[in-house]
Amino acid sequence: MTDSLAVWLYAVMAAPEDGAPPPGLTGVADEPVRLVEEAGLAAVVGSVPLEDFSEDALRGHLEDLEWLERTARAHHRVINGVARQGQVIPLRFATLYHDDDRVRAMLQERREDLTATLRRVADRTEWGVKAYVDPRSFLPDPDEPAGGEDSPGTAYLLRRRAQRQDQETAHLRATERAEGIHASLAALAVATAAHPPQDTALAAYEGWMVLNNSYLVPDGLTEEFTALVITLGERYPGVTLEVSGPWPPYSFTAPPKAEGQARPEEAAS
């Protein structure tokens, strides 16, 4: 490795017998993807130019949404590509090391917990489920109109308070419905992870997102899990369920901390 290059990490996996990643796979800088092996593990890496991927350069790039989206997609394309070859631990976007020797040192230092993580997610896959609701479906039944003895100002304040109470009631009912859906799905998973609702401006949905969870599902239960999502969507009118996957276990691994690692949250959403 030269002073003009850095090492971008994509994932960690058990060292394959042939010692090679899938052919033709390129990374965030269109660089060929390769493996750095140590202690029975392999880091999936690429050599990227420091002029574009130094800490200062990344800080500027992260303000460029077009660059961020393009690069995040390339990062996850590599992870998905190697995941077809075997179980992987996905690493966070913009995990950078100075050279291969430091990558090897990390693999040796973290060998036990990385190996344990690979065992924990073996033969299991991440699935994402989101639930959207139309708030109007959860509003309480309208009360009979009140008498007309209140002054206009008082009547207005009473209406506003009733509207706030109705919204609170609707949100509580929708949340309880989402909790019931989650409990049903979690029964088929070995682990779950809750994520905050996505910004409506970015996700382009209407109403409320009341569930945004990930589920680590044994591969033998995949069909049952996806069928249950459909069944729950049909069972509960007013709730729209959206399932995504299969994914590498992004939400269920603890990747090693990198040198100068950037942490753009939800970069690949």
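Being basic (K, R) and either under 18 Å from the mean Cα position of the chain (by Cα) or open to solvent by less than 50 Å² (accessible area, probe 1.4 Å) (or both), is that true of even one residue in the range 94-112? Explain how you work it out, then say what you get.
To start, the set of residues in the range 94-112 that are basic (K, R) comprises 102, 104, 110-111.
Those still in the list that are either under 18 Å from the mean Cα position of the chain (by Cα) or open to solvent by less than 50 Å² (accessible area, probe 1.4 Å) (or both) too: none.
No, that holds for no residue.
Could you check the range 221-231 and list, in sequence order, the residues that are in contact with a Leu (Cβ under 6 Å, 6 or more places away or on another chain) and open to solvent by less than 40 Å² (accessible area, probe 1.4 Å)?
Scanning the range 221-231 gives F225, V229.
Tally time: how many residues in the range 43-83 are exposed (fewer than 13 other Cβ atoms within 10 Å of the Cβ), within 20 Å of L5 (Cβ to Cβ) and not small (G, A, S)?
Counting residues in the range 43-83 that are exposed (fewer than 13 other Cβ atoms within 10 Å of the Cβ), within 20 Å of L5 (Cβ to Cβ) and not small (G, A, S) gives 3.
Each row is one residue, and each column tells you yes or no for (1) open to solvent by less than 30 Å² (accessible area, probe 1.4 Å); (2) acidic (D, E).
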residue	(1), (2)
A14	no, no
G19	no, no
P23	no, no
E31	yes, yes
L41	yes, no
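Quick check on the range 193-244: of everything there that is out of contact with any strand residue (DSSP E or B) (no Cβ under 6 Å at 6 or more places or on another chain), among the small types (G, A, S) and at pLDDT 90 or above, which residue is nearest to A131 (Cα to Cα)?
Ranking the candidates gives A227 first.
The values are calculated or read from the model by the stated rules, or taken from the named source; none is laboratory data. In this text, all values refer to a predicted model and were calculated from it rather than measured experimentally. Heads up, the Cβs are rebuilt from the backbone with ideal geometry, glycines too, and the neighbour counts pull from every protein chain shown. Surface accessibility is based on the protein's heavy atoms, side chains included, excluding ligands, DNA and RNA. Shrake-Rupley method; radii C 1.70, N 1.55, O 1.52, S 1.80 Å.
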